[in-house]
1. Ranked by Cβ crowding within 10 angstrom, fewest neighbours first, how are B:SER116, A:SER88, A:SER453 ordered?
2. Highest first, please rank the peptides B:152-161, B:541-550 by the mean number of other Cβ atoms sitting within 10 Å of their residues.
3. With axes computed from alpha carbons, what is the tilt in degrees of helix B:26-52 against the longest principal axis of chain B, rounded to the nearest 10 within 0 to 90?
4. What does the C-alpha gyration tensor say about the overall shape of the range A:351-598? Classify as rounded when a/c is under 1.5, otherwise prolate if a/b is larger than b/c, or oblate.
5. If each DSSP helix of 4+ residues adds -39,500 (n - 2.57) and the sum is divided by the residues in the protein assembly as shown, what number results at 222 nm, nearest 500 deg cm²/dmol?
6. What is the distance, in nm, between label points placed 7 Å from the Cα along the Cα-to-Cβ direction at A:GLU451 and at B:ALA67?
7. Which of the peptides B:466-477, B:431-442 is most tightly packed, and how do the rest follow, going by the mean number of other Cβ atoms within 10 Å of each residue?
8. Mind listing the long-range amide H neighbours of A:ARG373? Cut-off is under 5 Å, sequence gap 5 or more, other chains count too, H placed in the peptide plane at 1.01 Å from N.
Amino acid sequence: MMYARYGADDRVERPLRLIRRAVALGRDLRWPATGALVAAVVATVARLAGPLVVRTGVDEGIRVADPGVVTRASILYLALLVVQYGTSRAAMYAVTLVGERYLRRLRVVVYRHLMGLDLGFFGRTKSGVLVSRMTSDMEALTTFADEGAISVLTSVLTVLGVGVGLFVTDPGLAWLVMALLPLLVAASLVFRRYADRAYRQVREQIGLVLGALQEGISGVRVVQAYTQEPGQQERFGRVNERYYEANLQAARAISTYFPAVDLLRTVGTAIVLFVGGGRVLDGTLTFGSLIAFLLYLNWFFEPIVQLSNVYNLAQGALAALSKLFGLLDRTPAVVEAADPRPLPEPVRGELVFDGVTFGYDPDVPVVRGLDLRVAPGSRVAVVGETGAGKSTLAKLAVRFYDPQEGRVLLDGIDLRDIGFVSLRRHVALVPQEGFLFDGSLRYNIAYARPEMSDEEVWEVCRTLGIDDWVRSLPERLDTDVRERGGRLSSGERQLVSLARALAADPALIVLDEATSNLDPESEAQVERALGVLLEGRTAIVIAHRLRTAERADRVVVMDAGRVVEDGTFAELVAAGGAFTHLRSVWEQAESVWGDGGGGSSGR
Amino acid sequence: MTTRRLGDASVRRGLRLIFRMLFRYRREAVASVLFALGWMVMTVAGPFLQKVVIDRAIVGERRDLLAPLVGAVLAVGAGRALGIAGRRYFAFRVSYRAETDLRNRIFEHIQRLTFSYHDRTATGELMARASSDLSQVRLIYAMLPITVANVVMFGVVGGLLVALDPVLGAVALAAIPALLGLAVVYARVVLETSFEVQERLADMATVVQEGVGGIRVTKAFGREMAEVARVEAVADGIFAKTMQLIGKRAAYVPVFELIPSAAAVAVLWIGGLRVIGGAMTLGDFVAFSQYMVILVFPLRITGFFFAELPRAAAAASRVVELLRTAPDIVDAPDAGPMPPGNGEVRFCHVGFSYPDGPPVLEDVDLRIPAGSAVAVVGSTGSGKTTLAYLVPRFYDPSRGQVLIDGVDVRRIRLDDLRSAVAVVFEEPFLFSATIRDNIAFGAPDAGDDQVRLAARLAQAHDFIVELPDGYDTVVGERGLSLSGGQRQRIALARAMIRDPRVLILDDATSSVDAVTEAEIRDALRTVMAGRTTIIIAHRVSTLALAEKVVLIDEGRVLATGTHRELLASVPRYREVLAEVSPGEEVAP
Ligand SMILES: Nc1ncnc2c1ncn2[C@@H]1O[C@H](COP(=O)(O)OP(=O)(O)OP(=O)(O)O)[C@@H](O)[C@H]1O
Ligand SMILES: Nc1ncnc2c1ncn2[C@@H]1O[C@H](COP(=O)(O)OP(=O)(O)OP(=O)(O)O)[C@@H](O)[C@H]1O
Ligand SMILES: [Mg+2]
Ligand SMILES: [Mg+2]
């Protein structure tokens, strides 16, 4: 139970529909499932036949002093045990086989669906929640399959079988015992009410605990830098304590219910002893029947207790199922067209924004009525204040999101009509929030095209000017960059991200502040490399640096979600608008000889 | 993966931890065991009473004894129910208490472990310690009381059985060692495989975490199917290992149920013949059968307990390993408060290398006068961040010393040191909390005014008030619902509110546009007055904030001086700033 259950856990609606749906997903597993069922039934019958054999042995063997019957009964019992062993073993194996096959499928189906969801969804959902869908929710199902499914089956069978056995042995006594059932049902219902609430609490609290834990670990550096360890511990302690309280609440329910059931069993035994014993004395009941009855009685209550035990597992499994299907029911906001078109080769890389309006929250547009044409093979720099919507534009250009109004066109085709494979093949984005996978440098660089040879990977490194650096690493391309690239400096991480994008060999590349952490020297080198690599390709470069704007064929100035200026560097400088101001700030900022104080460049 | 046995030193340490926690909650533990023993006595007394009912009242035809004896059965049953209630409740208390406490301790410890530990330890790994490993350990606490009672019960019932009939008793008792022996064999057979299953499950968490964390990259390159294939591979692994495990389990587990039944057969056969032969009463026979039934469940539980114990001990040993990992940066015994002063920072011949890498800093010698601002410049990977991290002791230098106001930072209490030194990290990490909480993170007692002031200084106030909930807006995980520049400014505000003696800005405005940066710079001039500031930056504009520039190259301070001095006299400086000669910069 790695991440246990995470996030809010609503009451499960319509469990029957859920179950039907779950069953539908595993329809082809019905034969092994039937096998498991048959084996379990046989095993239970074999087990239940035991006391009957004992009764025969006692009544027809021991009481009438016939050793032959005793021996035969014993051998029969032994034979039943062998059958029981074989069928139990088969049932266990088959149930797990069915369950694990099913789960394997479910894991892949759910994850495939997850990967197909849009980034808006990922932005709204905590990663821990998604991890728990794929781990603890699946494990709740495993646990139920392994410990619950068979248990439910055998318990139900046992209760039924024992019920029949009781009536066959002596209907009068059987009715008396059955009179206890309403009490048992009532107790179980009360228990159910408390346990439901308690377990829901438990599931909710464990989610909070794990969430706090995860953030406490991933944010540990900030915590230490700001000496907030005590505060964090206290906060975590509180969440943890609430989880304890929730567990204790559940424990109280359990510690009341199980003794109550046990007491009922004793009452049953007492009734059987008193009434049955009296009847044996009266001669209306055989002694063997009484003994068989007592044996059966144990078996009657045991499975009911078992069922209550399993109830919690079943509840957890249902909650997990409803969350998993909830995830599967989510339709991605960005979907591939029904009849996707491939981009006509060769891809020229002409990108057009046509009256695009978009907001992460549709009511709050971040990009408003954006018109922009990026000529094939050109390099466009996008500049503007932070929060102006530059990254948003970048995300729209690669169809991370679909605009609420307007269209984005690549080579004249609406992005929404282009097949995903074709689109991703020809368009690459280096997101502002770089991310490296925990793995080797090679894995990260060749991420888009794993079939790349080592030579090709080195070639990319060479062009980007990082081959010397890679060679200086202890294990070169095999160096493990660790979680999120933690083994590297921030600039090195950006270089690797760039290498990854260039290795993808796209026709249109969008660089969202992909060099913001680089020193000017490395940046210049990257720029040169891009000049070579991007020859004939379209590039959108977002950056806060003057040089980027200077080197671009065109500069686009964004403000509050709009393009406010658009033209070549020289044009914009001449225009005397927002860009002119920006440039003067830049000049001050970047003019190396200006010592930060002066205006334009000069000695 | 190494096989762990109960004899291993680390596993023994795990067991010791389990017992230490048990000792801490001994009151509840003892209560639970006492209730369990009570339950056990009543459980054993039950069949004995039944035997009396049958022998005395029914076979002995004493109808008058029937009612009182059955009454006794009921009384014993009530006692038994009470025993179960107490046993369960207190066992739960111990187990959850122990789990909760251990989790707190793990969290506390994780918070104390230093950067170098977290550098090499994956998040998922630590999560596993505090979740699945602890569940494993908890199970033992939950089962311990009943196991104690069960073991005692085996003795008592064994004695009873032997007293009832020595021959049959011996036969029935054979089930006990057989079961326990089987449990041990079983544990050995399945342990390794069940570890492997556990590992595969942990892999799943790691792979999914990575896949979700890197979703932007995955989407950008259309590699979703490759990620699915990764999950598929892990899912296949889980499937294969689980089937391997169930192959073994299915062979053994039914035997646990069968051994008691086999004993029942023996009782029927041998006992039946002995009753016929007159060596035993019918009541004895019934009691025998009943005892066999009683023993079934305890025998199974005990077998299960011993099968789980090694796993729990292994889990506990992993927890111990974590708890025993001493943080490599702690207060020296003679550590004192911050020395008086205005924050003069000195690096004296400092050398540093990460555990698995070449030296990053070779011999850094540098003095930053109190209250002054120094910019650190160097190419990517030259060790600027590393150098900055030595001041608040995120790492300790391998050679040389770092001094603040003349005192080695290792002689200053960590809390005091870090309260006096505020770092703005190059990659801002925001918590998924409100913006206010994020800004006030380092000063939880700060009032709204202070939060706003800090936000204003960082040029963040304006955009914050435009957000739907203003300062109460909850930012998404890692702050990803904000733009890059917005995140950085929140992180900046977080440092401002600390009012530190030494302020370290590690590329803190890299994602901020030039205009906003100019505003931040103006604000910083005020903020920096009277404090020592170390600015790591690549932009000349930011360098302008500093009176002096330090050029780091190949692990050394290559040059110090004003920006103009370095430009004029240090070719390497011009290279790092990508400046060939003035005037060329405007050329396309
Ligand atoms: N995932 C998101 N959910 C909600 N709002 C968002 C999200 N990402 C960005 N925003 C908001 O949209 C606006 C534009 O953000 P965007 O990231 O496009 O800015 P930007 O121009 O790239 O800024 P910067 O230069 O700081 O990176 C900002 O106000 C930001 O808070
Ligand atoms: N946790 C770590 N473990 C091992 N090596 C590391 C670790 N962090 C950084 N390094 C290595 O140490 C060197 C210096 O890294 P550092 O982060 O100090 O560079 P930097 O000067 O800040 O670079 P940047 O300008 O890119 O941020 C780099 O080569 C980097 O690969
Ligand atoms: Mg951005
Ligand atoms: Mg750095």
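1. A:SER453, B:SER116, A:SER88
2. Answer by packing, highest mean first, reads B:541-550, B:152-161.
3. 20
4. oblate
5. Calculated at 222 nm, the ellipticity per residue is -20500 deg cm²/dmol.
6. Once both label points are built, they end up 9.2 nm from each other.
7. Top to bottom by mean Cβ count within 10 Å: B:431-442, B:466-477.
8. A:PHE353
None of the figures in this text is laboratory data; all of them are computed from the coordinates on show. Here the structure is a predicted model, which means the values were calculated and not measured. As a convention, Cβ positions derive from the backbone with ideal geometry for all residues, glycine included, and neighbour counts pool all protein chains shown.
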